[in-house]
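Notes follow the structure.
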Amino acid sequence: MPLLIVGIGILILLVLISKFKVNAFMALLITSFAVGLLSNMNPMDILDSVLKGIGDTMGKIVLILAFGAMLGKILEESGAAHTITFRMTELMGLKNIQYALLITGFLVGLPMMYNASFLVLIPLIFTFASTTKLPTIWLALPLCSALSVAHCFLPPHPGPTYVSFIYEADVNKVLLYGLIPMVPACLIGGVWLSKYTRNINVMPPEGLFQERHFDKDELPGLGASIFCALTPIILMLLGALVDLSFGPPPAKAELTTLGMENITGFYRHILGELGSHGRTNDVLSAVLTGIKFMSDANMALFAAVIVAIFILGLRRGRGMDDVMNSSAKSIGAISMIVLIIAGGGAFSQVLKDSHVIEYIRSVSDSIQMNPLLMAFLIASVFRLAVGSATVSTLTTAPIMLPIAQQTGTSPELMVLATGAGSVMWSHFNDSGFWMFKEYFGLSVRQTFQTWTIMESLVGLVGIVVVLLMSIFM
């Protein structure tokens, strides 16, 4: 019954958006209340779920979206995106530009959260499309497929990193093994699928990107352009290296249990265990804490915006008021996108509070099959129901842990199988679906034809490769 209600909710959403042309944000709110009522939730409880979903989603992404839009606008208006575009084109050639974007997506997506890396790279896609006259979606799919694989399969992203600890898997092995399914998943879900999207014409939101032609002497240098674009990536990579070297810091409750009041105390304890003493210990722990603070996606993008304002704005003769005005326009351009993503968060929260997760968990207890395939299917059902790849991964792992231990299945492959399931079926309750739709100006149907199929192909190829790997491991 809960899954039937989810299906009815999706149908309502489709009808509201496609038939009655209701704004996606309004449609998501209406659908959230409809699903809650069908699930016999109290109207006040539904309202609480909607508000919680909006609040939690906004709290996680609003600064990332705002700073990402500002950074993208500065890269665009300064010509930095054009500089990178021209050099990449010269280096790889137009014939291989999709593979250049795929590699870029992997390198950028590995240390950065999906939303942040998407927003940093989206101006490059628009710039490539405008300067080379190649189809925008044809360029975007290889890039986005690599970002998705990194987010769902590979540490140091939250989902795969956390479930590596649940399954007691070696994080370094997960990262190494994850590179194997990544290659065919990106080639099929990104490069191959893009061949069927050449006729899809897109238009970015007004104010987010305007085509502009630069003379070569107007463009900033390659070093400055790459440095500004990579600043958030460098900061987040440093944080990932700290985690891989010393382990991620515990939650606040765990710190209290360990007798440590803050993260600095945790790193001081780790360094003490490694043999450091005295003031050196304090300095190193403070440095590590500072790196972790600056590696947070919000802070990394904030720092990148400040760096870009100085290097690509003020140093090149632009006034602060000019830079701030264009940055404000970029934020205005994403205001509806923010609301739509928040609406998706409300829908997702109502699904969670209507006990869909508990129902799926109870059904899974009676199923007997290959643990890798079972982890994939359970994660994919959670993804269909609640939208979030990270939530799908974190919810599936505790269910599958005893089965994986009982059967002796490779914990590293369990992480990858769970991640493959979590990337499936992206639709209305996934913020990534709405970001892709709104930033590229697609219709709902076109988003299903491109984004949803791309995500599902990545997941399907991923699980097939993982099952093949299990034969030899």
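The values are calculated or read from the model by the stated rules, or taken from the named source; none is laboratory data. What you see is a predicted model; the values in this text were computed from it and never measured. Note: ideal-geometry Cβ built from the backbone for every residue, glycine included; neighbour counts use all protein chains shown.
Just to be sure, is VAL461 under 19 Å from LYS195 (Cα atoms) and among the hydrophobic types (A, V, I, L, M, F, W, C)?
yes
So, ASN23, is that one at pLDDT 80 or above, more than 16 Å from GLY387 (Cβ to Cβ) and assigned by TED's automatic domain parsing to the domain that holds ALA346 or not?
Here the answer is no, as ASN23 does not meet what is asked.
Quick check on my filter: what residues within the stretch 149-199 are of a type in the set (Val, Ile, Thr) and either outside any helix (DSSP H, G or I) or under 19 Å from the mean Cα position of the chain (by Cα) (or both)?
VAL149, THR161, VAL163, VAL174, VAL183, THR197
List the helices (runs of 4 or more DSSP H) inside the stretch 382-464, counting only whole elements, that have at least 3 residues being among the hydroxyl-bearing types (Ser, Thr, Tyr). Lay out the reasoning, then the answer.
Values: elements: 389-407, 411-422, 431-439, 444-447.
Once the helices (runs of 4 or more DSSP H) in the stretch 382-464 are filtered for at least 3 residues that are among the hydroxyl-bearing types (Ser, Thr, Tyr), what remains is 389-407.
Can you tell which of LEU75, LEU37, LEU29 is under 29 Å from LEU4 (Cα atoms), surrounded by 17 or more Cβ atoms within 10 Å (Cβ to Cβ) and either charged (D, E, K, R) or assigned by TED's automatic domain parsing to the domain that holds ILE334 (or both)?
LEU29
On the basis of being crowded, with 17+ Cβ neighbours inside 10 Å, part of a helix (DSSP H, G or I) and modelled with pLDDT of 75 or more, does ILE270 make the cut?
no
Just to be sure before I move on: is ALA129 within 17 Å of VAL202 (Cα to Cα), among the hydrophobic types (A, V, I, L, M, F, W, C) and free of Cβ contacts under 8 Å to residues at least 40 places away in the same chain in the structure I sent?
For ALA129, the condition - within 17 Å of VAL202 (Cα to Cα), among the hydrophobic types (A, V, I, L, M, F, W, C) and free of Cβ contacts under 8 Å to residues at least 40 places away in the same chain - is met.
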